[in-house]
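Participant: Below: one structure in structure tokens.
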Amino acid sequence: MRIVLLGPPGAGKGTQAKAMARELKLAHISTGDLLRQNVSSATPLGLEAKEYMNKGLLVPDLLVTKMLEDRFGQSDVKGGFILDGYPRTINQAKTLDSILDAKGMKIDIVFDLDSSEAVIVQRLSGRLVCKKCGALFHKINMPPKVSGVCDQCGGSLYQRDDDKEATIRKRLAVYREEVTALLEYYRAAKLLTTVSADDEASIVLKKIIDRARAL
Ligand code: AP5
């Protein structure tokens, strides 16, 4: 199964994609995570991408596309995947179609995680991420058992550089500029399913999994 997850920053794409990957045994491909790995390893891509990410802007397509093509070259993708954070523009949606066409693959379903601005800001301002394994927590909604320590691997938790209020607002504005056309693209292709993402994470997950299993 090949799934695309759309939704504003903080809607819960990463949270849901990690749980779906476990449940449905699919590869989780997050362009945000791949970019952050490049930033923390100070690769040439990471050094360039960091400037855009810290301002809440999209990283140029040329950089993201190359990174995505490399990821699609890995063997786990053959068993199906969840794309989290890509595509974000019509151009990226078309690029994705051509990458998949060349591999004889197609997207089976696109979930749009719909969330209100108040919820988004609350979620992002309290988000904690594990430095070691990338697990996601929230200071209030999903606190770790021990403050500052990952429940899953014992790694230390940090707040993302782009989770400052001004950057959150910029990321939301960038998202809104692009999303209408992107949703229309997938609606026209009869792939789009909208899911309300303001509910508790386990309720959102059940709605997504039930819909995916019904395909
Ligand atoms: P990316 O990492 O993709 O960030 P994003 O799209 O802004 O989304 P987030 O990761 O902030 O939110 P999420 O929806 O995954 O929410 P999460 O599950 O963490 O991209 C970062 C940057 O990289 C971009 O700004 C851009 O610069 C660049 N980039 C990435 N992809 C790109 C591309 N394709 N092209 C160009 N540039 C690109 O949840 C948030 C918090 O809420 C967590 O604390 C979680 O515990 C909590 N939470 C989640 N669900 C629930 C729930 N149901 N109830 C209560 N709490 C919840």
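Each reported figure results from applying straightforward, stated rules to the coordinates on display, with no laboratory input. Keep in mind that what you see is a predicted model, and the values were worked out from it rather than measured. Note that we place each Cβ from the backbone using ideal geometry, even for glycine, and neighbour counts take in every protein chain shown.
Participant: Over the Cα atoms, compute the radius of gyration (one decimal) and Dmax (the largest Cα-Cα distance, rounded to a whole number) for segment 119-215, in Å.
Facilitator: Computed over the Cα atoms of segment 119-215, radius of gyration and Dmax are 16.3, 47 Å.
Participant: Just to confirm a number: summing +1 for Lys and Arg and -1 for Asp and Glu over residues other than Ser40 whose beta-carbon lies under 13 angstrom from that of Ser40, what do you get? Show your work: numbers first, answer last.
Facilitator: Numbers: positive: Arg36, Lys50, Lys131, Lys132, Arg160; negative: Asp33, Asp161.
Net of charged neighbours comes to +3.
Participant: Follow-up question, since we're still on this one. Just to compare against my own numbers: the Cα pair-distance distribution for segment 1-107, 5 Å bins, whole % per bin, please.
Facilitator: Over segment 1-107, the share of Cα pairs per 5 Å bin runs 2, 12, 23, 25, 21, 13, 4, 0 percent.
Participant: Short version: ³J(HN,Hα) in whole Hz for each residue of segment 186-195, in order, from phi by Karplus 6.51 cos²θ - 1.76 cosθ + 1.60 (θ = phi - 60°), x for Gly and Pro, what are they?
Facilitator: Once θ is set to phi - 60°, the couplings for segment 186-195 become 7, 5, 4, 7, 6, 10, 8, 10, 8, 10 Hz.
Participant: Something else: Could you tell me the extents of the chain's C-alpha atoms along the three principal axes, largest first, rounded to whole Å?
Facilitator: For the chain, the Cα extents along the three principal axes come out at 46, 40, 34 Å.
Participant: Show that you can apply the helix-only estimate: for the chain, add -39,500 (n - 2.57) for every DSSP H stretch of four or more residues, divide by all residues, and state [θ] at 222 nm to the nearest 500.
Facilitator: Computed ellipticity for the chain at 222 nm equals -15500 deg cm²/dmol.
Participant: Still on this structure, please answer the following. Run the simple label-point estimate for Asp114 and Asp70 please: 7 Å along Cα→C-beta, distance reported in nm.
Facilitator: That separation, rounded to one decimal, is 3.8 nm.
Participant: A further question on this structure: Please work out the Cα center distance from segment 38-60 to segment 116-140, rounded to the nearest Å.
Facilitator: 20 Å
Participant: Pop out the ³J(HN,Hα) list for segment 152-164 in order, Karplus 6.51 cos²θ - 1.76 cosθ + 1.60 with θ = phi - 60°, rounded to Hz; leave Gly and Pro as x.
Facilitator: The phi angles translate into 7, 10, x, x, 8, 9, 9, 9, 5, 4, 8, 9, 8 Hz.
Participant: Sticking with this structure for a sec: So who's got an amide H within less than 5 Å of the one on His138, skipping anything under 5 residues away but keeping other chains? H placed 1.01 Å off N, in plane.
Facilitator: Result for His138 returns Leu128.
Participant: Tell me, Kirkwood radius of segment 82-145 from alpha-carbon pair distances, in Å?
Facilitator: 14.7 Å
Participant: Here's a follow-up. Nearest-5 percent of antiparallel DSSP beta bridges in the chain?
Facilitator: Antiparallel bridges: around 30 percent, rounded to the nearest 5.
Participant: Please turn the phi angles of segment 93-105 into ³J(HN,Hα) values with the Karplus equation 6.51 cos²θ - 1.76 cosθ + 1.60 (θ = phi - 60°), one per residue in order, whole Hz, x for glycine and proline.
Facilitator: So the Karplus estimates, Gly and Pro as x, are 4, 5, 4, 4, 4, 6, 4, 5, 3, 5, 9, x, 10 Hz.
Participant: Let me ask another. Compute the distance in nm between two label points, each set 7 Å from the Cα along the Cα-to-Cβ direction, one at Ser196 and one at Arg169.
Facilitator: About 2.8 nm separates the two model spin labels.
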